[in-house]
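Everything on this sheet refers to the single structure shown next.
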Amino acid sequence: MIHVFLIIFLISLFYMAIANRMLTYIRVIALQGVLLFFVVFLQLKEISTLNLVLILLETIIFKSLAVPMFLRYILKRNKITREAEPFLPNFVSLIIITVIVVVTILLSHSIKDVNLDKIFFVVALSTLFTGLYFIASRRKIITHVMGYLVIENGVFVLSLAVGNEMPMLVNLGIMLDIFASVLILGIFLNKIGDVFKEVDVDQLTNLKDY
Amino acid sequence: MILIYLIGAFLIVIGLFVNRNKIINYSLLGFFILLQWTFTIYSLYHFRTTELDYFSFDSLGILLLVTLSIVAIPAAIHSFIYIENHPDNPETRSIYFAALVGLLTATGVGYLSNHIAVTWIFTEITTLCASALIYHHRTKLALEGTWKYVFICAISITFVFIGILFLSLSLTHAGSDDLSFKNLYANSAKLNPFWLRLSFLFIFTGFTAKLGLVPMFTAGIDAKDKAPAPAGALLASVLMNLGFVGIFRFYIVIANTPLHHWANVVIGIAAFLSLFVATVYMIKVKNLKRMFAYSGIEHMGLVMLGVAAGGIGYYAAILHVILHAFVKSAVFFQYNQIYRIYQNKSIYHIGNYFKYNTTGAIVILLAFISTSAMPPSGLFVSEFLIFRSLFEANQVLVLIAVLLLLTMIIWAFGKNIFKILFIPPVDFDDSNLPKISPWESSTQFILLAGAVYLGLNPPAEFVQLIKESIMLLPH
């Protein structure tokens with residue numbers, strides 16, 4: 001059953017590649033949060049109940065409700081247009097993400113390690129690279145944040161793969177999540193719209209050596 | 001004690017943050033310095049002990065903690081001067097001091113942590129505090145600098161976390177799940193090389209954002225440029241040392257495995273590229289503050305070359321890191337006075353500094369001699385030892401290339417510094433100059449003199465502490 005959720009998670013990446021609108025991205029991130037909730041519930045068996053409840057609450061409340069709602073609020077408040085404005089056409093994105101997934105599958109097959117759950121590893125690595133790809137190929141700062149959130153979800157999947165023996169690592173993953181999200185979203189993405197009229201990365205090129 | 005220190009510092013941060021009264025703010029800052037020194041002296045008396053399981057007062061931690069506490073005093077003084085000269089609203093002042101105290105605490109405790117995850121957590125807290133400092137002026141450029149710093153540091157910290165995950169996979173092969181450095185050293189022979197290799201790559205790349213090394217060096221440059229100079233001094237000295245601690249402690253683990261040589265190659269490449277990048281930018285750059293920041297990249301490149309070369313290079317690297325913290329913070333503290341006179345960062349618009357601020361000009365001259373590692377600068381000793389280690393490791397070609405790059409750096413640095421000191425500036429109206437007390441430069445003199453003293457005539461205890469820090473490395 002875990003594998004089904006993980007594969008849906010992988011498919012959500014493909015969907016994100018061809019999505020055009022910001023709201024779709026936010027929905028996919030929320031969906032990933034829900035999927036992680038189920039994966040945590042089924043995967044983490046050897047940790048204390050209190051810890052499990054905390055992790056479950058974090059995935060469902062933080063990842064799939066609070067952050068997406070906050071992103072939506074930022075979109076509205078800063079009057080960011082709905083289009084994602086990728087540098088490359090969607091079809092090319094789809095091919096690149098397919099290549100990423102295929103390469104990670106090949107990579108994970110070349111690793112001979114009994115301690116490693118291959119599906120977790122493939123999903124985690126693909127998500128990581130896809131997040132990096134989103135950051136590199138999208139124009140808006142807010143899409144970069146979304147790319148970063150995708151990377152975080154990937155790291156979270158990776159921490160679940162080793163988390164059964166070391167619950168501390170899953171907790172650290174959550175800490176990373178909260179810390180970085182608070183940092184990026186809370187402190188000043190809010191203010192970026194006030195200072196920059198348009199929230200493109202093209203605007204962020206003034207700081208350089210002259 | 002560490003718990004008292006952490007709680008005390010936390011309360012001071014909260015106090016600074018909620019309080020808007022100037023006098024209470026300054027007294028809280030003074031109280032923090034007192035607490036910092038009490039803690040430092042306590043740690044000296046409890047050398048080699050462990051507290052709260054996750055923090056131990058080991059030699060490397062103590063060396064850097066004392067460095068931090070020494071730099072913290074001028075940082076507080078110059079922050080006070082800075083804030084008095086920039087009468088912003090009380091809110092930004094409170095946030096500035098709260099973030100400053102938070103940064104100092106997180107960095108100091110990060111040095112002492114004996115668990116890779118705890119180092120990771122405190123490194124993350126420093127990003128949080130540093131971003132508040134960089135955003136101090138609330139301008140468009142400050143926002144851009146903060147955004148870039150936060151984003152790159154967030155990605156880097158994620159990389160470190162991925163590295164820790166791979167490290168844990170590597171450790172499961174050794175049948176253990178304790179990620180403390182002590183346990184990692186003990187089990188280093190049994191770690192799975194494949195995962196260890198991946199883990200080192202990720203952890204090293206992650207910490208380069210703090211250390212200021214290729215590939216993640218860019219964030220630090222923008223940060224030091226946009227942060228107020230007293231905060232920039234901390235970012236360019238003690239915070240870089242935290243990146244060094246993160247890499248060095250893990251390097252000790254990998255140095256005791258068959259991957260030692262491979263790790264040296266990785267570090268060597270990154271270090272050499274950093275030197276190269278620093279040279280290219282230092283020739284080109286016209287923004288004085290950024291030039292100082294690139295000089296930091298150069299020095300960290302040298303430090304890591306020393307680590308990669310091994311032998312006496314280990315000793316030289318730690319000596320260099322400590323001396324660099326003194327020298328570079330002095331340079332950044334002095335920078336503020338330059339800015340107050342010229343209201344400009346561009347080298348074209350700064351000049352004749354000897355005429356306008358003689359004491360400050362002497363500091364800049366001495367700082368130039370110190371940073372370019374000319375005798376009698378203390379950095380001369382450490383750089384010389386790094387060159388010796390490269391020679392002994394049969395890396396003569398690397399050594400020649402490094403010497404060539406350093407020559408270019410000294411030329412570019414010297415050209416700009418002498419222009420600042422002696423050549424009249426473009427379009428500068430000197431009718432209404434601010435008065436700068438020579439006493440404001442006294443801390444810089446003390447820091448620079450300290451670097452000379454520790455380099456040329458190091459006390460026996462100091463040498464002993466450095467030797468103990470590198471004891472676990474294979475020689």
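The values are calculated or read from the model by the stated rules, or taken from the named source; none is laboratory data. Nothing here was measured: the structure is a model prediction, and the numbers come from that model. Here Cβ is always computed from backbone atoms with ideal geometry, including for glycine, and neighbour counts include all displayed protein chains. Calculation scope for accessible area: heavy atoms of the full protein, side chains included, ligands and nucleic acids excluded. Shrake-Rupley method; radii C 1.70, N 1.55, O 1.52, S 1.80 Å.
In a residue-by-residue description of the stretch B:417-431, the property of being in contact (Cβ under 8 Å) with a residue 60 or more places away in the chain and open to solvent by less than 20 Å² (accessible area, probe 1.4 Å) applies to at least one position.
Look at (1) within 17 Å of residue B:325 (Cβ to Cβ); (2) more than 11 Å from chain A (Cβ to nearest Cβ) and you find that residue B:87 fails only one, number (1). As a summary of the residue check, residue B:3 satisfies the conditions (1) assigned to a helix (DSSP H, G or I); (2) in contact (Cβ under 8 Å) with a residue 12 or more places away in the chain; (3) surrounded by 13 or more Cβ atoms within 10 Å (Cβ to Cβ) except for the one numbered (3). Taking the numbered list (1) assigned to a helix (DSSP H, G or I); (2) touching a helix residue (DSSP H, G or I) at 6+ places or on another chain (Cβ under 6 Å) in turn, residue A:88 passes all entries but (1). Right, residue B:124: of a type in the set (Asp, Glu) and within 11 Å of chain A (Cβ to nearest Cβ) or not? For residue B:124, the condition - of a type in the set (Asp, Glu) and within 11 Å of chain A (Cβ to nearest Cβ) - is met.
Before we move on, is residue B:154 among the small types (Gly, Ala, Ser), in a helix (DSSP H, G or I) and open to solvent by less than 20 Å² (accessible area, probe 1.4 Å)? Taking the combined requirement at face value, the residue satisfies it.
Within the stretch B:130-138, can one find any residue that is within 11 Å of chain A (Cβ to nearest Cβ), at pLDDT below 85 and open to solvent by 10 Å² or more (accessible area, probe 1.4 Å)? Walk me through it before giving the result.
The first filter runs over the stretch B:130-138 and keeps only residues within 11 Å of chain A (Cβ to nearest Cβ), leaving B:130-132, B:134-135, B:138.
With at pLDDT below 85 added as a condition, the list becomes B:138.
After this cut, where a residue has to be open to solvent by 10 Å² or more (accessible area, probe 1.4 Å) as well, the list is B:138.
Yes, that holds for at least one residue.
In this structure, does residue A:126 turn out to be within 22 Å of residue B:155 (Cβ to Cβ), at the interface with chain B (Cβ under 9 Å from one of its Cβ atoms), under 14 Å from the mean Cα position of the chain (by Cα) and hydroxyl-bearing (Ser, Thr, Tyr)? The answer is no for residue A:126. Pairs are defined by a Cβ separation below 8 Å, a sequence spacing of at least 6 or placement on different chains, a first member in the stretch A:6-31 that is open to solvent by 10 Å² or more (accessible area, probe 1.4 Å), and a second member that is acidic (Asp, Glu); the pairs so defined are A:20/A:83; A:21/A:83. Test each condition in (1) open to solvent by less than 40 Å² (accessible area, probe 1.4 Å); (2) assigned to a helix (DSSP H, G or I); (3) not hydrophobic (A, V, I, L, M, F, W, C) for residue B:351 and report the one that comes out false. Result: residue B:351 fails condition (2) only.
Regarding residue B:146, is this residue assigned to a helix (DSSP H, G or I), at the interface with chain A (Cβ under 8 Å from one of its Cβ atoms) and crowded, with 24+ Cβ neighbours inside 10 Å? Can you show your working first?
Working: assigned to a helix (DSSP H, G or I): yes; at the interface with chain A (Cβ under 8 Å from one of its Cβ atoms): yes; crowded, with 24+ Cβ neighbours inside 10 Å: yes.
Yes: the conditions hold for residue B:146.
With B:219, B:233, B:227, B:223 as the choices, which residue is under 21 Å from residue B:150 (Cβ atoms), open to solvent by less than 10 Å² (accessible area, probe 1.4 Å) and within 12 Å of the chain's Cα centre (by Cα)?
Numbers: B:219 fails: within 12 Å of the chain's Cα centre (by Cα); B:227 fails: within 12 Å of the chain's Cα centre (by Cα); B:223 fails: within 12 Å of the chain's Cα centre (by Cα).
Only one candidate qualifies: B:233.
Can you name every residue in the stretch B:279-315 that is more than 30 Å from residue B:338 (Cα to Cα) and either in contact with a Phe, Trp or Tyr (Cβ under 8 Å, 6 or more places away or on another chain) or within 14 Å of chain A (Cβ to nearest Cβ) (or both)? It would help to see each step written out before you state the result.
Taking the stretch B:279-315 and keeping what is more than 30 Å from residue B:338 (Cα to Cα), we get B:304-315.
Correct list: B:305, B:306, B:307.
Among the criteria (1) open to solvent by less than 20 Å² (accessible area, probe 1.4 Å); (2) at pLDDT 85 or above; (3) within 12 Å of chain B (Cβ to nearest Cβ), the one residue A:142 does not fulfil is (2).
Pairs meeting the criteria (first residue in the stretch B:70-93 and more than 16 Å from residue B:17 (Cα to Cα), second residue basic (Lys, Arg), beta carbons under 7 Å, at least 6 apart or on different chains) are B:85/B:340.
So if I check each of B:168, B:176, B:180, B:156, which one is more than 23 Å from the chain's Cα centre (by Cα) and touching a residue at least 60 places away in the same chain (Cβ under 8 Å)? Break it down stepwise before answering.
Details: B:168 fails: touching a residue at least 60 places away in the same chain (Cβ under 8 Å); B:176 fails: touching a residue at least 60 places away in the same chain (Cβ under 8 Å); B:156 fails: more than 23 Å from the chain's Cα centre (by Cα).
B:180 is the lone residue from the list that is more than 23 Å from the chain's Cα centre (by Cα) and touching a residue at least 60 places away in the same chain (Cβ under 8 Å).
Restricting attention to the stretch B:373-394, the residues that are polar (S, T, N, Q), crowded, with 21+ Cβ neighbours inside 10 Å and out of contact with any Gly (no Cβ under 6 Å at 6 or more places or on another chain) add up to 2. Within the stretch B:199-213, being within 14 Å of another protein chain (Cβ to nearest Cβ) and under 7 Å from residue B:163 (Cα atoms) holds for B:199, B:202, B:203. Taking the criterion of being assigned to a loop (DSSP other than H, G, I, E, B) and either at the interface with chain A (Cβ under 10 Å from one of its Cβ atoms) or open to solvent by less than 10 Å² (accessible area, probe 1.4 Å) (or both), the only residue of the stretch B:161-175 that qualifies is B:173. Checking each residue of the stretch B:49-63 against the condition of being under 30 Å from residue B:339 (Cβ atoms) and touching a residue at least 60 places away in the same chain (Cβ under 8 Å) gives no match. For the stretch B:267-286, the count of residues that are touching a strand residue (DSSP E or B) at 6+ places or on another chain (Cβ under 7 Å) and either assigned to a helix (DSSP H, G or I) or within 25 Å of residue B:142 (Cβ to Cβ) (or both) is at least one. Screening A:118, A:79 for residues that are within 14 Å of another protein chain (Cβ to nearest Cβ), modelled with pLDDT under 90 and open to solvent by 30 Å² or more (accessible area, probe 1.4 Å) leaves exactly one candidate, A:118.
Scanning the stretch A:162-178 for residues that are open to solvent by 20 Å² or more (accessible area, probe 1.4 Å) and within 9 Å of another protein chain (Cβ to nearest Cβ) yields a total of 3. Give the number of residues within the stretch B:55-93 that are more than 14 Å from the chain's Cα centre (by Cα) and among the β-branched types (Val, Ile, Thr). Counting residues in the stretch B:55-93 that are more than 14 Å from the chain's Cα centre (by Cα) and among the β-branched types (Val, Ile, Thr) gives 6.
Within the stretch B:354-362, identify whether any single residue is within 22 Å of the chain's Cα centre (by Cα), in a helix (DSSP H, G or I) and at pLDDT 90 or above, and answer yes or no. No.
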